[in-house]
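Here is the structure we will look at.
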Amino acid sequence: MQNFNYLEPGSLWEAVGILEGLEGKAFPLAGGTDLVRTFKRIGFREHGVINLKKIPELSGVKFDGQVMSIGALSTVSELLANSEVDEHFPVLAQAARALGTPQIRNLATIGGNLCTSSPASDLAPALLAYQAKIIITGPNGEREVAVNEFFKGPGQNVLDRGEILTRIDLNLPVPGTIGAFLKHGVRKSHEIALVNTAVLIIPVRGSDKIAVARIALGAVGPTPFRAWQAEEQLAGAEGGLPQFEEAAKIAQELASPIDDVRASADYRKHMAGVLVKRALFQAWGGKV
Ligand SMILES: Cc1cc2nc3c(=O)[nH]c(=O)nc-3n(C[C@H](O)[C@H](O)[C@H](O)COP(=O)(O)OP(=O)(O)OC[C@H]3O[C@@H](n4cnc5c(N)ncnc54)[C@H](O)[C@@H]3O)c2cc1C
């Protein structure tokens, strides 16, 4: 076991001060499911660990009837145990259910999932579809970033030195919003996505038309992303398989996946289209 600095601040400002002071040589620790693997790769030596778990502001899920505020340290299991998440943000609950194993879900936090900034994050597409706001606290105070502006590349995001992701805010969706999350991997469970997607549809009340569609994809680009052009194709259109196929083709074209040992880029791109079509159809009330 290598020596390393371990600090346990009791407040957000203390943590920000320590992080800033250690000038990029310290990592915040949440659940540790990604950080431990990072340390195995780069080594512990000369790095500090700042345990965030004693900071009260980072914990808990609050819902005031309009906005759900999810503390960065909320674990995936906590999200799943919260009936208001399931009731008002079911696509986030579906994504949480698809993440890892029970053991991982008990440790993994929503803040850690976003800060790792893996293109294959399971929570990111759902948060993109719900247009989440990311609240960040740093040496210059608090700032808010739309989730679609948070990711900058594989493992990269907008967090500056000394900044901590504090919470995620979600506005209550328009009544009648429907949606689905789908994930495709090499195995059926305990699997990092080859492609995942979250879709939300706001139907025009009393008709078969779509007012608004949101389509987010993961694992098929350097960051999780919104398929804006596919969404535009559906806005104002009738809901149905031909329209969903058309939108899925556009989403597929926007995908720019990599080749690796798990799957070829061509296969991932193809499956991006398949998954988007299935998710839209499933959300609309079909089965596939
Ligand atoms: C076996 C296994 C299976 C997995 N399966 C999946 C899966 O199916 N889907 C999926 O999406 N992910 C999966 N993961 C990845 C991982 O579990 C998630 O990304 C997890 O949500 C990370 O959260 P954490 O609390 O463990 O983060 P940590 O490991 O504690 O931190 C991750 C990174 O974020 C930084 N950080 C953490 N919190 C903050 C904060 N509040 N502010 C600033 N920086 C912060 C840390 O310094 C570190 O760099 C898996 C991991 C393992 C080991």
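Observations on the model:
- Test item: Cα-centred dipole of the stretch 58-171, Lys/Arg +1 and Asp/Glu -1 on Cβ, debye: 260 debye
- FRET efficiency for VAL186 and ASP86, using Cβ-Cβ distance with R0 set to 45 Å, rounded to 0.05: 0.95
- Amide hydrogen proximity for VAL49: with H placed 1.01 Å from N in the peptide plane, the residues at 5 or more positions away or on another chain lying under 5 Å are ASN5, TYR6, LEU7, PHE27.
- Taking 0.36 nm per residue of sequence separation and removing the Cα-Cα distance, the GLN66/GLU14 pair yields an extension gain of 15.6 nm.
- Considering only the stretch 192-233, percent of DSSP beta bridges that pair antiparallel, nearest 5: 100 percent
- Scattering profile of the stretch 183-287 at q = 0.16, 0.17, 0.19 Å⁻¹ [log10 I(q)/I(0), Debye over alpha-carbon scatterers]: -0.64, -0.71, -0.85
- Fully extending the segment from GLU246 to GLN103 would add 47.5 nm, taking 0.36 nm per residue of separation and subtracting the current Cα-Cα distance.
- Of the trypsin sites (Lys or Arg not before Pro) found in the stretch 139-200, the ones in coil according to DSSP and having at most 15 other Cβ atoms within 10 Å of their Cβ are ARG161, ARG187, LYS188.
- Scattering profile of the stretch 1-115 at q = 0.11, 0.14, 0.16 Å⁻¹ [log10 I(q)/I(0), Debye over alpha-carbon scatterers]: -0.41, -0.64, -0.79
- Cα-centre dipole for the chain with unit charges at Cβ (Lys and Arg positive, Asp and Glu negative), debye to 20: 780 debye
- Under 15 Å of direct C-alpha separation, and excluding same-chain neighbours fewer than eight residues apart, LYS183 reaches these aspartates and glutamates: ASP122, GLU191.
- Average projected area [Cα convex hull, the stretch 58-171], square nanometres: 6.5 nm²
- Total formal charge among the other residues, if their Cβ is under 13 angstrom from that of GLN229, Lys/Arg +1 and Asp/Glu -1: -1
- The alpha carbons of the chain stretch over 59, 46, 32 Å along the principal axes, in descending order.
- Calculated FRET value between ASN3 and VAL36, using beta carbons and R₀ = 25 Å, to 0.05: 0.95
- The trypsin sites (Lys or Arg not before Pro) of the stretch 16-84 that meet both conditions, a loop assignment by DSSP and at most 11 other Cβ atoms within 10 Å of the site Cβ, are LYS25, ARG45.
- ARG143-ALA211 FRET efficiency (beta carbon distance; Förster radius 45 Å; 0.05 resolution): 0.90
- Spin-label model distance (nm) - LYS54 vs GLU238, 7 Å beyond Cα toward Cβ: 6.4 nm
- The stretch 246-266 versus the stretch 93-156: alpha-carbon centroid distance in Å: 22 Å
The numbers here are math on the coordinates, done by the rules we state, and not lab data. It should be emphasised that the depicted structure is a prediction, and the values quoted were computed from it without experimental measurement. Backbone-built Cβ (ideal geometry, glycine too); neighbour counts: all protein chains shown.
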